[in-house]
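A quick write-up on the structure given underneath.
The values are calculated or read from the model by the stated rules, or taken from the named source; none is laboratory data. Keep in mind that this is a model prediction, so the values were computed, not measured. Positions of Cβ are generated from backbone atoms using ideal geometry, with glycine treated the same way; all protein chains shown enter the neighbour counts.
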Amino acid sequence: MFKRLLVPLDGGDLSDRAIDASLALARQLGATVVGFVAEPEPPIPSSPRNATLLREEMLAHAAHSKSHAQSVLMRFEEAARAAGVPFEGWHDEVPRVHKAIIAAAESRGCDMIVMVTHGRGAFGEFLFGSQTKAVLSESKIPLLVLH
C-alpha cells in the first residue's frame, strides 16, 4: 500500500488544507509524510546588472527562499508531530516546480503525491498554469488531488 506520501507546499492559502488532509491520510495508512517546498529560482533580471549587484540579488533571493521554505516545513513538522505521523521535510530551489515535485517523489522513495489545487478552471489555468495538471501529466507515481 502507500507508505510514503510526498506533499508539495508553497506556503499559500491551500497549504493548511494539504497539511491537514495528508496527515489524516497518513495516519490511516500508517505512512510517513515527506513535505516538500520547491522554491523557484530567481527571475532573470529585466535590465542589465553589474556582477556585484547580480550576485547580491541572487544571495538575497536564496536567503529569502530558504527562510520561507524552512518556515513552511516547520509548521508542517509541528502538525505532524501533534498528529503522531512520521515526517521528513525537504526544500530545493528549482527551475521548474512540477518537474522538481516528480523528481523529489522519485528520489525520496514516495509512492504517492498529495496535492491541493485551486481549481481555477480553464481560463485560470491559461493565465496562471497548473502545477497539479503538469505533475498529473508527467508523473508515473499516483497523484491524489484535493480540491
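Below are the figures for this structure:
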{"quantity": "Residue match in region 62-70 (condition: modelled with pLDDT of 90 or more, surrounded by 13 or more Cβ atoms within 10 Å (Cβ to Cβ), out of contact with any Lys or Arg (no Cβ under 8 Å at 6 or more places or on another chain) and basic (Lys, Arg))", "calculated": "yes"}
{"quantity": "Residues of region 99-131 satisfying the condition of being in a helix (DSSP H, G or I), in contact with a helix residue (DSSP H, G or I) (Cβ under 8 Å, 6 or more places away or on another chain), under 20 Å from GLU39 (Cβ atoms) and at pLDDT below 95", "calculated": "GLN131"}
{"quantity": "Enumeration of residues in region 3-25 that are in a helix (DSSP H, G or I) and either modelled with pLDDT of 95 or more or not polar (S, T, N, Q) (or both)", "calculated": "ASP16, ARG17, ALA18, ILE19, ASP20, ALA21, SER22, LEU23, ALA24, LEU25"}
{"quantity": "Pairs, first outside any helix (DSSP H, G or I) in region 78-96, second at pLDDT 95 or above and acidic (Asp, Glu), C-beta under 8 Å, six or more apart", "calculated": "PHE87/GLU77; GLY89/GLU77"}
{"quantity": "Region 1-30 residues that are under 14 Å from GLY89 (Cα atoms), paired with ones that are part of a helix (DSSP H, G or I) and of a type in the set (Ser, Thr, Tyr) (beta carbon under 8 Å, 6 or more apart)", "calculated": "LEU5/SER22; VAL7/SER22; LEU9/SER15; GLY11/SER71"}
{"quantity": "Residue in region 39-61 that is at pLDDT 95 or above, in a strand (DSSP E or B), surrounded by 16 or more Cβ atoms within 10 Å (Cβ to Cβ) and not small (Gly, Ala, Ser) present", "calculated": "no"}
